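Report on the structure given below.
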Amino acid sequence: QAPARSPFQRDHDRILFSGPFRRLADKTQVFPLPYDDHVHSRLTHSLEVASIGRSLGTLVGGRVLARESALTRPLDARDFGDCVAAACLAHDLGNPPFGHVGEDAIREYFERERPFWDQLTERQRLDLTTFEGNAQTFRIVTRTERPSRSGGLQLTLATLGALVKYPCSSRVASKASSHKSARKPGLFDDDIAVYAPVAEQLGLARLGEDHWQRH
C-alpha cells in the first residue's frame, strides 16, 4: 500500500517480479531471420507491448476524463495508462513454448491420446482439446501463482477485466461468433466461478451463459 504507487502500478510490479513473467524469456515470439543472434522472446515482446499500451491508455484516459466529469473517484489519465500497461505486461503469461504452434500441439495431443478422459467432465475435456493460452493466463494470475495465499497475484479488478480478451468459456467460444469477445475461449470451466464476481463488480453485461461483455 505504498503511497508512491497507484493500485495499477502495484499490479504492474507484481506481474514484473513474478515467476511466470521471468519464464517468458525462454519462450520465443517469432524467428524473423535477423542478421544477428538476437531472438525476440515473449518477455521482450511483453515489455514492448506494455510500453505502447501505457501511452495509448493514457491518451484514451485523458479523453475519458474530459468527457466524464462525474466519475465516482479522482482519477488521472495515467491511471488508465498504468492499468493498460499492467494488462499488456501479463497478456502472454499463459502462452506455452512455441506460441500458437504450442497451443496446437496441446490440443492435438489431448484430442488424440485422451489421457485420464474418464475422470473429466465434458467441459473439462473441451478445455483441453481447445486449449488457449489466454485462459491459462487468467488462471495463473488469479490462482496458480503464489498458491499459498488466496487470489494469486491479487491484481485489481480493472486490470483483471482488461486482461481477459475473451470473457467466455470453451463451450461458448467459436471462431464464427458474431461477438469478438467469443472468438476464442478465454476462461477455463473451473475458472468461471472466479471470473463471475469480477465481471459483476466491474458491471460487465452478461451476453449469455459463461459469456460476458469485454471490459
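Can you give the local net charge around residue 59? Use residues other than it whose beta-carbon is closer than 14 angstrom to its beta-carbon, Lys and Arg +1, Asp and Glu -1. That works out to +1.
Expressed as an acute angle from 0 to 90° and rounded to the nearest 10, what is the orientation of the C-alpha long axis of helix 77-90 relative to the principal long axis of the chain? Between helix and principal axis, roughly 20 degrees.
Over the chain, what is the mean sequence separation of C-alpha contacts under 8 Å (at least six apart), divided by residue count, expressed as relative contact order in percent? Walk me through the numbers on the way to the answer.
Working: 348 pairs, mean separation 37.2, N = 215.
So the answer I get is 17 percent.
If you bin all the Cα-Cα distances of the range 34-93 at 10 Å, starting from zero, the percentages per bin are 24, 37, 23, 11, 4, 1.
Proximity of backbone amide H atoms, modeled 1.01 Å from N, is registered between residue 207 and 212, 213 at under 5 Å, excluding neighbours fewer than 5 places apart on the same chain. Here the chain is treated as a Stokes sphere of Kirkwood radius computed over C-alpha pairs; at 37 °C and 0.692 mPa s its diffusion coefficient rounds to 179 µm²/s.
The HN-Hα couplings worked out from phi for the range 146-152 by the Karplus form 6.51 cos²θ - 1.76 cosθ + 1.60 (θ = phi - 60°) are 6, x, 5, 10, 5, x, x Hz, whole numbers, x standing for Gly and Pro. Around the Cα centre of the range 7-159, unit charges on the Cβ atoms of Lys, Arg, Asp and Glu (plus for the first two, minus for the last two) sum to a dipole of about 560 debye. Size of the range 176-215 from its Cα atoms: along the principal axes, largest to smallest, the extents are 28, 21, 15 Å.
Would you tally the net charge around residue 171, using a Cβ to Cβ cut-off of less than 12 Å, leaving residue 171 out, and scoring K and R as +1, D and E as -1?
Numbers: positive: 123, 125; negative: 122, 127, 189, 209, 210.
Here the count lands on -3.
The listed residues 166, 35, 109 rank as 35, 109, 166 when sorted by accessible area, largest first, using a 1.4 Å probe. Applying the Karplus relation 6.51 cos²θ - 1.76 cosθ + 1.60 with θ = phi - 60° to the range 185-201 yields 3J(HN,Hα) values of x, x, 9, 6, 3, 6, 9, 4, 5, 7, 7, 3, x, 5, 4, 5, 6 Hz, where x marks Gly and Pro.
When N counts the residues of the range 119-173, how does its alpha-carbon radius of gyration compare numerically with 2.2 N^0.38 Å, as a ratio?
Numbers: Rg = 12.5 Å, N = 55, 2.2 N^0.38 = 10.1 Å.
The reported ratio for this selection is 1.23.
Computed from Cα positions, the angle between helix 99-113 and the longest principal axis of the chain comes to roughly 40 degrees.
Between helix 7-16 and the chain there is an angle of about 40 degrees, using the helix long axis and the longest principal axis of the Cα atoms.
Taking the 1.4 Å solvent-accessible surface of the chain as the whole, the part contributed by carbon and sulfur is 55%. Peptides 90-103, 112-125 ranked from most to least packed give 90-103, 112-125, packing being the mean of other C-beta atoms within 10 angstrom over each peptide's residues. The residue 100 and residue 60 beta-carbon pair, evaluated with R₀ = 41 Å, returns a calculated FRET efficiency of approximately 0.90.
The values are calculated or read from the model by the stated rules, or taken from the named source; none is laboratory data. None of the values given here were measured: they were computed from a predicted structure. Using ideal geometry, Cβ is built from the backbone for each residue, glycine included, and neighbour counts are taken over all protein chains shown. The protein model used for the area step is the full one, side chains on, heavy atoms only, and it has no ligands, DNA or RNA in it. Shrake-Rupley method; radii C 1.70, N 1.55, O 1.52, S 1.80 Å.
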